[in-house]
Amino acid sequence: MSGLRTGAVSVLLLFMWGCASGVPQQPGTYTTHYRQEIYQPQRDTEVVERTLWVRSAPKTIVHEVAPLETLWRLSKMYGVSVESIRKANGLRDNTIYVGQKLVIPNARYFKNVIPLYPTNKWRYIILHHTATDIGKATVIHKCHRERGFIYGLGYHFLIDNGTLGKGDGQIEVSPRWIKQQDGAHCKAGGMNHVGIGIALIGDFNDKPPTEAQIRSLLLLLNVLMDYYHIPPSHVMGHGDVPGAQTDCPGKLFPWRTIRLALSSK
């Protein structure tokens, strides 16, 4: 699949976005702005935080709310209080909406926040590229809904490449992960049921991932492999799964770098 070459996203390309595979359901009415469900961390949830960048001085920024993000999560990501975000945006409670633009006052840093849930469900990690030059969770979530995936974004994690207002190497957490649902990213081998789907924004038949994406991927892999006891041999590309007819994650995906980094585990 060829990547997007301009900032204009056509309706046709939106329907084709990504290499996710599952069993599409009939799409229902969808709007980009819908009320978020409130998912605060459960008592037995472990949260791993890693700083992606630190500002030399606090700066007020604008954040577009992704699916199932909460004010608690945003406060962790940017090092500000929930109350300060509510006050800056005139919010009466903690209700926020997908696609909503929120002012984040005095953001000191950006952290990748990775929630971990106790389960023995996950036995593999399947790596993908989106086969597009640009992207972010809200756009791909909408696309996958329109393709018939009623739960939206088919991956469990998405690693951004610095386009569409997202940070280079930013890890976006899918609603499927927060709800611990099956993926819709690799039907072959039953991997949707037992495999954690991680997609990197980019067309890696055209050019490789950014260095920041690789660093974030290695962080995410190490965290998930350690917590769920997944061996390096169970970290696979979509196209390496028996029965999968795809070259995803692309011929320029840096497998040598990834395998070398994981070889000590």
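Descriptive notes on the structure:
- With neighbours defined as other Cβ atoms within 10 Å of a residue's Cβ, the residues PHE253, PHE110 order from fewest to most as PHE110, PHE253.
- Think of the stretch 181-265 as having a plus end and a minus end, set by charges on the Cβ of Lys, Arg, Asp and Glu; of MET191, PRO231, ILE201, PRO231 sits farthest toward the positive end of this dipole.
- For the peptides 171-180, 202-211, the ranking by packing is 171-180, 202-211, with the highest mean count of neighbouring Cβ atoms within 10 Å listed first.
- Debye, to nearest 20: dipole size of the stretch 50-111, +1 on Lys, Arg Cβ, -1 on Asp, Glu Cβ: 240
- Packing here is the average count of other Cβ atoms within 10 Å per residue, and on that basis the peptides 226-233, 52-59, 68-75, 137-144, highest first, run 137-144, 68-75, 226-233, 52-59.
- Point-charge dipole on Cβ atoms (K/R +1, D/E -1) for the stretch 119-265, about Cα centre, debye to 20: 320
Laboratory data are not the source of any read-out in this text; all were calculated from the coordinates shown. Only a predicted model underlies this, so the values are computations on that prediction, with no experimental measurement involved. Neighbour counts run over all protein chains shown; Cβ positions are idealised from the backbone, glycine included.
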